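Inspection log for the structure reproduced underneath, given as structure tokens.
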Amino acid sequence: MFVGNDFKKSEYWNCFIVKLKIIRMNFTLPVLAYTLSALQPSISEQTMAFHYGKHHQTYVDNLNKFIVGTPYENMSLEEIIKSAPDGPIFNNAAQVWNHTFYFEALGAPGQKAPSCKAIEEQWGSFDAFKDEFSKAAVGLFGSGWLWLVEGQDGKLQIIAESNAGNPMRKGLRPILCFDVWEHAYYLDYQNRRAEYVKNLWDILNWEVILKRF
């Protein structure tokens with residue numbers, strides 16, 4: 001039994017502090033609000049098992065490994081994304097955040113897109129916005145993300161980011177994103193990215209998306 005400051009001088013105390021530090025710095029795979037099969041037929045359970053269960057998890061694991069002993073180990077994902085230079089730490093932090101944001105805005109098929117004044121003012125109609133966003137997502141060369149963002153002037157923009165790109169690095173506020181890396185759709189659609197993008201609109205969770213405005 002330890003008395004007074006004896007515990008703080010013991011090896012048990014050092015182990016306790018190390019465990020606290022590890023717990024504090026570790027990022028974890030966020031829990032989905034739906035089952036892996038809930039997005040079918042737009043996205044199969046097999047794709048979700050690989051995309052969420054393996055790709056997303058790998059980004060989380062890599063980030064936890066890379067930040068050890070760096071100034072980033074006690075930062076939030078947002079802080080890391082905004083401050084880290086291009087490289088493994090930024091790439092994995094951004095991919096953890098991007099995937100979390102993407103999966104959070106998906107849900108079971110059947111939700112109808114509500115009217116959105118901001119979108120209608122910017123593009124004239126939701127259909128016009130949807131068409132422009134889809135064309136940009138299909139046309140993004142290589143791997144990356146297609147974003148709906150709000151600028152500092154309050155105006156909405158559609159922007160493309162390659163690889164792990166995140167619009168927060170440019171001072172923009174993300175509202176919606178489509179993942180157009182091949183691993184997001186190849187098991188279901190092979191090279192048919194346009195079909196994947198078209199079907200994503202059927203499984204968007206508009207309650208989540210509108211709360212981001």
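For the range 119-131, a residue qualifies if it is exposed (fewer than 13 other Cβ atoms within 10 Å of the Cβ), more than 13 Å from Trp201 (Cβ to Cβ) and either of a type outside the set (Gly, Ala, Ser) or touching a Pro at 6+ places or on another chain (Cβ under 6 Å) (or both), and exactly one does: Glu121.
Are any residues in the range 140-161 surrounded by fewer than 16 Cβ atoms within 10 Å (Cβ to Cβ) and more than 30 Å from Thr35 (Cα to Cα), and if so, which ones? Within the range 140-161, Phe141, Gly151, Gln152, Asp153, Gly154, Lys155, Gln157 meet the criteria.
Close contacts from the range 191-213, counting a first residue that is in contact (Cβ under 8 Å) with a residue 12 or more places away in the chain and a second that is in a helix (DSSP H, G or I) and of a type in the set (Ser, Thr, Tyr), with Cβ to Cβ under 6 Å and a gap of 6+ residues or different chains, come to Tyr196/Tyr189; Val197/Ser134. Listed here are the helices (runs of 4 or more DSSP H) enclosed by the range 112-213 that have at least 1 residues being more than 30 Å from Asp86 (Cβ to Cβ) and more than 21 Å from the chain's Cα centre (by Cα): 117-123, 126-139, 193-200.
Only a single criterion out of (1) under 20 Å from Asp202 (Cβ atoms); (2) loosely packed, with under 15 Cβ neighbours inside 10 Å is not satisfied by Phe103, namely (2).
Every read-out reported here was derived from the displayed coordinates using simple, explicitly stated rules and does not represent laboratory data. All of these numbers come straight from a predicted model, not from anything done at the bench. We place every Cβ from the backbone using ideal geometry, glycine too, and count neighbours over all the protein chains shown.
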